[in-house]
Amino acid sequence: MSISDLRGDVLRHLKYSIGKDEDHAQIYDWRVALSLAVRDRIVDRWFAATRATYASRAKRVYYLSMEFLIGRLLEDAATNLGLLDEAKAVFDGFGLPFDRVLADEPDAALGNGGLGRLAACFMESLATLGVPAYGYGIRYEHGLFRQRFEGGRQIEEPEDWLTQAHVWEFERPETSFEIGFGGHVHRTGTSRGIWRPAEAVIAQGFDTPVVGWQGRWANTLRLWGAQPTRLLDLERFNAGDYTAAAQPETLARTISRVLYPDDTTEGGKALRLKQEYFFTAASLRDILRRFESEYDDLRKLPQKVAIQLNDTHPAIAGPELVRLLHDERGLPFDEAMETARLCLNYTNHTLLPEALESWSEGLMGYLLPRHLQIIEAIDAAHHKAYPARSVHIREHGQVQMGNLSFIMAKRVNGVSALHTELMKTTVFQDLHALHPERIVNETNGVTPRRWLLGCNPRLGALITEVLGDGWVGDAEELARLAPFTEDASFLERFAAIKRANKEELAGWLKREQGVAVDPSAMFDIQIKRIHEYKRQHLNILEAIALWQDISDNPNGDWTPRVKIFGGKAAPGYWFAKEIVHLINAVAGRINADPATSRFLRVVFAPNYNVSMAERLIPAADLSEQISTAGKEASGTGNMKFAMNGALTIGTLDGANVEIRDHVGAENFFLFGMTAEEVVARREVPGHARQAIEADPRLARALGALRDGTFSPGNPGLFAGIADNVEHHDYFLVASDFTDYWRASREADAICRDGARWTRMAARNTAGSGWFSSDRTIRGYMADIWDVTPAAAPGTLAAE
Ligand SMILES: *Cc1c(COP(=O)(O)O)cnc(C)c1O
């Protein structure tokens, strides 16, 4: 595809799709025109992939996820199609700033954090590997809220990515299903029931093609939007009651209106349960429709369909699939249950008790009366088959969605080696004893196309220069960088790239946040959702202690550091919002101190999202992965940093354990208690007080939270955080502080030896290939889905 073809297509779309001429087109118009020209180049491959799947009668994978945190799509698609350089040349020719055109695209923020980003990386890897797959989720009108700060406090504003045309999607009015809620069940005298819902909405499909590396294959992300079954109550309209007349529409659309801004505490929200059932039911109907267009024996379903439930949010898939097979299609109940189970698999993402979903039987019986009956029947059937231990889906009037997902799954997977072992001994101990073959591990991964080649083009080019470009499609080739980590000239170039990335970030911070930082300082970055278990408060306490030490000795030989934070707190999570406020207050105080500012700065960049991650991670020296051991199921931010040559300071938690194994323990700043030690430490009475008494530095930092240092005129403002650490400290900030300080000073010392640091950084990149989501997806294919890549069109077939 030549540059002049692309240029012609951009101009054609500008004129005929957007209706603008070159002289009046805005950046937005150019961006949409380019996106459409790129999208055109996906469509043929997309059709070819669909045809190849039908022709080979291949098994399909269906990934059901409440969240897809996809971010921007234009650069990703252009990269995978090998069009990025051509597109840049075209825009250089127009005299237009290509970077601004790319950055004009709003982030599709249809997710909260790691769970949603994982789903997006998986979609890209599935397409790269040529696996016939569909992603199914919700087309939220408003994704995750936009964050800004006012007086240091977080303010949430609605996110509005859909106010501009979403150029990547194809609306599918013909792909619609009516989804019911409430009502009652008519018993037939057999085990089958006939559900007569009281209300209904329409789920309508919107398809976005997802293209893999080198355009080998393309899959579909199908997001459901809610529509009313009846647009307008005409009788009321004619009677002049316009508000009431529009009510059916308003109510229906509410279901796909907003993303819940919290993936850890669900509460008893009826709307949330409706959202979960809405997209799960629509997806299952679509899956069965496709299956039945090709096959007529429903018992073959597990041979042709593998469904992955991303956490328990789509857990209602179990009873819904049983209902579709038994009530609606007449399979005997036991057969329906076993057929459904052999299609379904469940990924657990958290062991935090407050994050395990449950719904009251009252609510479920009201919204989904037939499903509650089926859950009772599943519970009874499971108990009858396994009477040895009593494990119930329904406990204390609640439906436990984790147990339901487990019992109705062929495979259940954890997302890191440590997390999978902890699943077996904690939440799912009893179920694991009954079904010892069911739990498997699939350590998370991230796509190297977006998280190395795309976000760090300088490093990508260097790696390609020394290895060839095979690493992009097979990240384990990065291991071949190992010999170069001994090569002075390679390391010099590696260091120069990091420096250039840091200068670029410093320019952005100055422009966007008005903060000046020195690119020669260590860039120490913690970006992720704000949560007590992730311990941003441990990090900021270390910053305070460091500032106090520097203040005592401002002419000391300190290693200059810039601490950068990014992350959103759930709007209803009081303590997390206090932490946000504190970080901003500390940043304000420290950055205004002329005595220490050569050595320490603190920056909190508002509105962390995928695009910000892509900007920050390539510029990081130090990656903060400091969760309380046993609490972070995997983490994926940790992997992105390692790929981009940042050194991790971290605990033995989640995938940190495996990252340390792969990059080498000598290239990782380990600190803190192990998961076992954490459990034991919590039993020690007064553990936090003891730790504070043993470390005067910690005591002094906490003192500064109580004496108004960061809240002049209102000394009590941050005392609550100090009290929490001193008296409650479930997440053991105090007990891990001293060792964290030690590890951080070790990082300081090594940082002063630039060559040594760079060698360690390069070894992180060289050891990070295993953390490609391609490796993760291959694991799911072999251990869970039992699928192979379809005979693929284009280059895949030629290989
Ligand atoms: C990768 C990513 C996450 C997950 O980060 P963790 O550090 O693993 O919690 C969250 N949000 C965004 C925008 C990401 O890109």
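Things worth noting here:
- Taking the conditions (1) under 30 Å from E504 (Cα atoms); (2) more than 12 Å from the ligand (Cβ to nearest atom); (3) open to solvent by 10 Å² or more (accessible area, probe 1.4 Å) in turn, N667 satisfies each one other than (3).
- Look at (1) out of contact with any Ser or Thr (no Cβ under 7 Å at 6 or more places or on another chain); (2) more than 10 Å from the ligand (Cβ to nearest atom) and you find that G637 fails only one, number (2).
- Residue in region 177-188 that is among the charged types (D, E, K, R) and modelled with pLDDT of 95 or more present: yes
- Picking from residues in region 586-628 that are within 16 Å of the ligand (Cβ to nearest atom), assigned to a helix (DSSP H, G or I) and not hydrophobic (A, V, I, L, M, F, W, C), the one that is most open to solvent (accessible area, probe 1.4 Å) is R615.
- Test result for E75, open to solvent by less than 30 Å² (accessible area, probe 1.4 Å), under 24 Å from the mean Cα position of the chain (by Cα) and among the acidic types (D, E): no
- Unique match (being outside any loop (DSSP other than H, G, I, E, B), of a type outside the set (D, E), open to solvent by 10 Å² or more (accessible area, probe 1.4 Å) and farther than 24 Å from I530 by Cα) among W741, W757: W757
- Positions within region 217-239 being open to solvent by less than 40 Å² (accessible area, probe 1.4 Å) and either over 30 Å from G114 (Cα atoms) or modelled with pLDDT under 85 (or both), in sequence order: P228, D233
- In the set (1) touching a His at 6+ places or on another chain (Cβ under 8 Å); (2) open to solvent by 10 Å² or more (accessible area, probe 1.4 Å); (3) more than 27 Å from A675 (Cβ to Cβ); (4) not small (G, A, S), N403 fails one condition alone, (3).
To keep it simple, each residue is scored yes or no on (1) modelled with pLDDT of 95 or more; (2) away from the ligand (no atom under 16 Å from the Cβ).
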residue: G514; (1), (2): no, yes
residue: P554; (1), (2): yes, yes
residue: G567; (1), (2): yes, no
residue: E578; (1), (2): yes, yes
residue: N584; (1), (2): yes, yes
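- For region 528-550, residues that are open to solvent by 10 Å² or more (accessible area, probe 1.4 Å) and of a type in the set (A, V, I, L, M, F, W, C) total 1.
- Scoring T350 on the criteria (1) outside any helix (DSSP H, G or I); (2) in contact with a strand residue (DSSP E or B) (Cβ under 6 Å, 6 or more places away or on another chain) leaves a single failure, condition (2).
- Failed criterion for S358 (all others in (1) polar (S, T, N, Q); (2) at pLDDT 95 or above; (3) within 19 Å of M66 (Cα to Cα) hold): (2)
- Whichever residue in region 761-775 is open to solvent by less than 10 Å² (accessible area, probe 1.4 Å) and in contact with a Ser or Thr (Cβ under 6 Å, 6 or more places away or on another chain) and, among such residues, is nearest to T443 (Cα to Cα): S773
- One residue alone among P158, P173 is closer than 30 Å to R57 by Cα and either aliphatic (A, V, I, L, M) or over 19 Å from the mean Cα position of the chain (by Cα) (or both), and that residue is P173.
- When the strands (runs of 3 or more DSSP E) confined to region 393-467 are screened for residues that are out of contact with any strand residue (DSSP E or B) (no Cβ under 9 Å at 6 or more places or on another chain) and either in contact (Cβ under 8 Å) with a residue 60 or more places away in the chain or over 26 Å from E658 (Cα atoms) (or both), none reaches at least 3 such residues.
Quick grid of which residues meet (1) open to solvent by 10 Å² or more (accessible area, probe 1.4 Å); (2) in contact with a Cys (Cβ under 9 Å, 6 or more places away or on another chain):
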site: Y277; (1), (2): no, no
site: L301; (1), (2): no, yes
site: T312; (1), (2): no, no
site: E338; (1), (2): yes, no
site: L342; (1), (2): yes, no
site: L352; (1), (2): no, no
site: Q373; (1), (2): yes, no
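- Any hit, region 53-72, residues being under 25 Å from L6 (Cα atoms) and either in contact with a Cys (Cβ under 6 Å, 6 or more places away or on another chain) or not aliphatic (A, V, I, L, M) (or both): yes
- Residue satisfying all of: in region 98-113; free of Cβ contacts under 8 Å to residues at least 60 places away in the same chain and either more than 16 Å from the ligand (Cβ to nearest atom) or open to solvent by less than 10 Å² (accessible area, probe 1.4 Å) (or both); nearest to G137 (Cα to Cα) among these: A108
- The set of residues in region 12-57 that are out of contact with any Asp or Glu (no Cβ under 7 Å at 6 or more places or on another chain), under 21 Å from V210 (Cα atoms) and small (G, A, S) comprises A33, S35, A48, A49, A52, A55, S56.
Per-residue answers, yes or no, for (1) within 16 Å of the ligand (Cβ to nearest atom); (2) assigned by TED's automatic domain parsing to the domain that holds L652; (3) of a type in the set (S, T, N, Q):
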residue: A482; (1), (2), (3): no, no, no
residue: T485; (1), (2), (3): no, no, yes
residue: A506; (1), (2), (3): no, yes, no
residue: R511; (1), (2), (3): no, yes, no
residue: V517; (1), (2), (3): no, yes, no
residue: H531; (1), (2), (3): yes, yes, no
residue: L538; (1), (2), (3): yes, yes, no
residue: D557; (1), (2), (3): no, yes, no
residue: W574; (1), (2), (3): no, yes, no
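- Residues of region 78-90 that turn out to be crowded, with 21+ Cβ neighbours inside 10 Å and more than 22 Å from E614 (Cα to Cα), as a count: 1
- Any hit, region 147-159, residues being open to solvent by 10 Å² or more (accessible area, probe 1.4 Å), in a helix (DSSP H, G or I) and at positive phi: no
- Check on R45, more than 24 Å from L162 (Cβ to Cβ), open to solvent by less than 30 Å² (accessible area, probe 1.4 Å), away from the ligand (no atom under 16 Å from the Cβ) and in contact with a helix residue (DSSP H, G or I) (Cβ under 8 Å, 6 or more places away or on another chain): no
- Any hit, region 642-657, residues being of a type outside the set (F, W, Y), open to solvent by 20 Å² or more (accessible area, probe 1.4 Å), more than 9 Å from the ligand (Cβ to nearest atom) and not in a loop (DSSP other than H, G, I, E, B): yes
- Only one of the listed residues (G93, G116) is surrounded by fewer than 24 Cβ atoms within 10 Å (Cβ to Cβ) and farther than 20 Å from I42 by Cβ. That residue is G93.
- Each residue in region 549-582 was checked for being free of Cβ contacts under 8 Å to residues at least 60 places away in the same chain, closer than 22 Å to K534 by Cβ and not in a loop (DSSP other than H, G, I, E, B), and 7 of them qualify.
- Filter result for K631 (farther than 21 Å from L478 by Cβ, modelled with pLDDT of 95 or more and within 16 Å of the ligand (Cβ to nearest atom)): yes
The values are calculated or read from the model by the stated rules, or taken from the named source; none is laboratory data. Just so it is clear, the structure is predicted and the values come from calculations on it, not from any experiment. Neighbour counts are summed over all protein chains in view; Cβ atoms, including those assigned to glycine, are modelled from backbone coordinates with ideal geometry. Each accessible area value is taken on the protein alone, full model and side chains, heavy atoms only, with ligands, DNA and RNA left out. Shrake-Rupley method; radii C 1.70, N 1.55, O 1.52, S 1.80 Å.
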